[in-house]
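As structure tokens, the structure follows; a few thoughts come after it.
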Amino acid sequence: MTDEDPFAHVRFAVEPGLADSIAAADQDGVPDPRHTEFAERLRGYAADRLDRRPGCFVLTGLGGLSDAAARRFTVNASRMLGEVMPQDFSGALLREVKDRGLRLDGASARYSDTRQGGNLHTDGFHRPGRVPDYFTLFCLRQAALGGSLVMVHVQDVLTELRARPDVLDVLRRPFHFDTRADTPGAPRTVRRPVLDFADGSARVHYLREYVEAGHRQDGVAPLTPEQTGALDHLDGLLARADLHTLGRLRPGEMVFIDNRSVIHGRTPFEDGSAGRMMFRTWIAA
Ligand SMILES: [Fe+2]
């Protein structure tokens, strides 16, 4: 970990008039050539910075957008990189990430509802079906203290796992992840490997609490000692500060993160009067 701002090299300014115009865009309206050009720019950033290291980039200069315009900008800009995916049973395309006073050890609480730190993870793999390739966070308000993003790149994890092929082997086999029971009628768990190489490159599915909860479900075999040992080893790697990249979004910035290769979390945060507020989207590229 270094003290240097990791976003410094991947921060791209959006001209305020263009941001307003994208926020106001109607999906079924006549395409605006400026939007087409911006979409091409975004796809270039994605190819250079998401599909390759560092696995993230930031749009900046969006502080002039109102709360409502910021929500629309977040969805419209996300749409330029693929299909924006629903994040819950009701089909919401945008989720507010804020402290709802919940704790992750509750039965159905999601990380995005807490102000806890740690718990490095990837997003959306606990839902049956397609897993988001990218996710975005628009920072409307930052916390008074803390709330930095913590990121670990899968390539660094794989480098460390060269010394432990036995652990790698266990992580490549399926685990049961708890679905958080937010899809009525759906199975209580979804089976996926933690490290998946099916698409030819490494993809991570991980949140330790969801694996633990999945293997506690009725009818699911408890974790074996080998599985627990492999997860403990992975957690040890994810806890290593030298593998962490820490970046803090400023209000009016939107980060795009590769959900396949970047395991992420945040530092714990303390809110001031208004409270930290991020808008999140999930994208199938
Ligand atoms: Fe997340």
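Figures for the structure shown
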| item | result |
| --- | --- |
| Part-to-part distance (alpha-carbon centres) for segment 209-230 and segment 128-148, which is given in Å | 27 Å |
| Backbone HN-Hα couplings from phi across segment 85-91 [Karplus 6.51/-1.76/1.60, Hz, Gly and Pro as x] | 9, x, 10, 7, 4, 6, x |
| Mean separation of Cα contacts under 8 Å (6+ apart) over length of segment 134-285, as relative contact order % | 52 percent |
| Cut-off under 5 Å, modelled amide H: who pairs with LEU249 long-range | LEU149 |
| In Hz, Karplus ³J(HN,Hα) per residue of segment 127-139 (6.51, -1.76, 1.60; θ = phi - 60°; x = Gly, Pro) | 8, x, x, 5, 9, x, 7, 10, 9, 10, 9, 9, 8 |
| Rounded tilt (10° steps) of 225-238 against the dominant C-alpha axis of the chain | 40 degrees |
| Burial ranking of peptide ranges 111-117, 20-26 (average Cβ count within 10 Å, highest at the top) | 111-117, 20-26 |
| Considering only segment 11-284, percent of DSSP beta bridges that pair antiparallel, nearest 5 | 95 percent |
| Per residue convex hull volume, Cα atoms of segment 183-273, in Å³ | 195 Å³ |
| Estimated dipole of the chain in Debye, rounded to 20 [Cβ of Lys and Arg +1, of Asp and Glu -1, Cα centre] | 240 debye |
| Hydrodynamic radius (Kirkwood) for the chain, which is based on Cα pairs only, to one decimal in Å | 19.5 Å |
| Long-range amide H partners of ARG192 with built H, under 5 Å | PHE175, PHE177 |
| Cut-off under 5 Å, modelled amide H: who pairs with PHE12 long-range | VAL58, LEU59, THR60 |
| Cα gyration tensor category, rounded, prolate or oblate, for segment 138-232 with a/c compared to 1.5 | oblate |
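Quick note: the coordinates plus some simple rules give every number you see, no bench work behind them. None of these values were measured; they are calculated from a predicted model. Positions of Cβ are backbone-derived with ideal geometry, glycine not excepted, and every protein chain shown enters the neighbour counts.
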